[in-house]
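Everything on this sheet refers to the single structure shown next.
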Amino acid sequence: MPNKILLVVGARPNFMKIAPIVRALSIHAPSLAPLLVHTGQHYDEAMNDRFFQQLRIPRPDINLEVGSGAHAVQTAEVMKRFDEVLDREEGRDARAVVVVGDINSTIACALVASKRGLPVVHVEAGLRSNDRNMPEEINRILTDQLSDILFTTERSARDNLVREGIADERIHFVGNVMIDTLLEFRKLATPAAEVLAPLGIAGSAYGLVTLHRPSNVDDPAVLRRLLDSLSEIAASLPLVFPVHPRTRSRIEALGAGALGADVKLVSPLGYLEMLGLMAEARLVLTDSGGIQEETTALGVPCLTLRENTERPITVEQGTNTIVGTDGDAIRRAASDTLANGGRRGRIPELWDGQSAVRIATVLQQRFG
Ligand code: UD1
């Protein structure tokens with residue numbers, strides 16, 4: 001009987017990372033049987049089901065249905081319910097737990113597995129913003145400390161891990177699984193015009209915005225400052241803004257008139273719609289980690305509305321500029337980008353569509 005390997009997902013950015021791993025395991029790890037566990041951290045159709053359909057991810061074998069909650073509550077709930085899963089599965093030849101990214105579900109499942117002596121595999125290890133005010137930074141540091149095998153997306157990640165005392169032989173530089181997905185689905189992306197037409201944006205020039213980091217959206221003064229600068233940019237370049245549920249409630253709390261008419265708010269988009277919009281945008285303004293990488297892979301200029309990034313390769317080699325959250329700095333960066341076309345960039349090493357195959361090969365050797 002094949003050895004079972006548990007794959008954990010919880011929230012939207014996990015889905016594009018797990019999709020190519022599931023496929024690569026089925027081809028390159030014949031003696032492993034993946035069991036897909038969804039914690040239920042994200043649950044809306046728009047944040048969840050649509051991604052499973054578009055990315056052709058099999059339906060999860062187990063859904064823990066934890067839903068939303070304060071950090072401690074959400075993390076604890078995942079831990080309790082995942083522990084029960086391991087009660088059942090360990091007796092059925094479970095060999096390892098694979099976690100991806102840096103969300104609460106990632107640290108919760110890593111902690112449960114490691115306390116039970118089950119090897120933890122972390123995909124997207126070693127990224128550091130060096131900003132412990134970000135909940136994800138805590139999740140990254142602790143998940144890496146608990147992991148037996150650490151797969152990295154860029155070379156700087158190994159330096160971070162070694163500095164934190166992690167043995168070099170546990171670290172494997174494999175490239176970026178999210179870019180595997182981007183390259184696989186690029187041709188299937190929805191043309192931008194199809195998303196833009198119903199919004200009344202006729203021309204081909206537009207910018208794309210996403211904001212959901214608590215540091216940007218939870219403080220009304222910061223959010224208002226960001227929205228003001230977006231409204232000003234939109235006077236010369238219409239902006240499409242698919243709004244994360246956390247952000248929508250914060251914008252609504254600011255009241256009518258918080259945004260200029262040329263900033264078009266839309267519901268969260270599917271993967272293929274977002275990919276199409278990103279690929280053809282003049283510029284992208286974001287606080288997302290994944291979008292900094294996707295724009296680098298697409299060669300589209302990205303202005304990151306944060307003070308730091310845990311993905312420095314996107315700045316050193318890609319199209320990303322760290323702009324911060326000062327209104328003047330954002331307006332200036334946007335107008336420079338529109339005037340000179342923005343940073344050109346190049347594709348980082350091993351962002352070649354084969355990262356999941358490298359991961360599956362290591363897992364087959366170790367656990368097969
Ligand atoms: C989480 C991750 C973040 C990731 C983001 C992507 C953590 C600490 N944060 O943040 O790293 O970048 O996902 O989206 O794990 N909600 C819905 N529907 C859903 C899910 C959430 O309406 O399907 C609303 C709820 O009001 C919830 C809020 O969004 O309270 C926040 O959701 P949560 O999963 O706690 O954090 P995110 O901000 O999504």
Legend entry - Residues of the stretch 159-175 satisfying the condition of being buried (at least 17 other Cβ atoms within 10 Å of the Cβ) and over 21 Å from A96 (Cβ atoms): N160
Inset, instruction - Output the number of residues of the stretch 64-99 satisfying the condition of being within 13 Å of the ligand (Cβ to nearest atom) and in contact with a His (Cβ under 8 Å, 6 or more places away or on another chain). - result: 1
Legend entry - the stretch 1-51: number of residues that are touching a residue at least 12 places away in the same chain (Cβ under 8 Å) and away from the ligand (no atom under 13 Å from the Cβ): 26
Inset, instruction - Take the residues in the stretch 100-141 that are among the β-branched types (V, I, T) and within 12 Å of the ligand (Cβ to nearest atom), then tell me which one is surrounded by the fewest Cβ atoms within 10 Å (Cβ to Cβ). - result: I138
Legend entry - Filter result (touching a helix residue (DSSP H, G or I) at 6+ places or on another chain (Cβ under 8 Å), assigned to a loop (DSSP other than H, G, I, E, B) and within 23 Å of G270 (Cβ to Cβ)) within the stretch 204-237: S204, Y206, L211, H212
Legend entry - Complete set of residues in the stretch 175-204 that are of a type outside the set (A, V, I, L, M, F, W, C) and touching a Leu at 6+ places or on another chain (Cβ under 8 Å): G175, N176, T181, R186, T190
Inset, instruction - Give the stretch 52-63 a look and list any residue that's within 16 Å of the ligand (Cβ to nearest atom), farther than 18 Å from E89 by Cβ and surrounded by fewer than 17 Cβ atoms within 10 Å (Cβ to Cβ), or say none. - result: Q53
Legend entry - Cβ-Cβ under 6 Å pairs, at least 6 apart or on other chains, the stretch 251-274 side closer than 21 Å to F52 by Cβ and modelled with pLDDT of 90 or more, far side among the basic types (K, R) and in a helix (DSSP H, G or I): G270/R50
Legend entry - Which numbered condition V209 fails, given (1) in contact with a strand residue (DSSP E or B) (Cβ under 7 Å, 6 or more places away or on another chain); (2) closer than 17 Å to R306 by Cβ; (3) away from the ligand (no atom under 16 Å from the Cβ): (3)
Inset, instruction - Take the stretch 178-213 and flag every residue that is within 23 Å of the chain's Cα centre (by Cα) and either modelled with pLDDT under 95 or charged (D, E, K, R) (or both). - result: D180, E184, R186, K187, V195, R213
Legend entry - Matching entry among R246, R250 (being among the basic types (K, R) and under 21 Å from the mean Cα position of the chain (by Cα)): R246
Inset, instruction - Report yes if some residue within the stretch 270-279 is touching a Pro at 6+ places or on another chain (Cβ under 6 Å), within 26 Å of P135 (Cβ to Cβ) and within 13 Å of the ligand (Cβ to nearest atom); otherwise report no. - result: no
Inset, instruction - Among the residues of the stretch 142-178, write down those that are touching a residue at least 40 places away in the same chain (Cβ under 8 Å), more than 27 Å from L298 (Cβ to Cβ) and within 16 Å of the ligand (Cβ to nearest atom). - result: T143
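The values are calculated or read from the model by the stated rules, or taken from the named source; none is laboratory data. These numbers come from a predicted model, not from an experiment. Because the Cβ atoms are built from the backbone with ideal geometry, glycine has one as well, and the counts that use them run over all protein chains shown.
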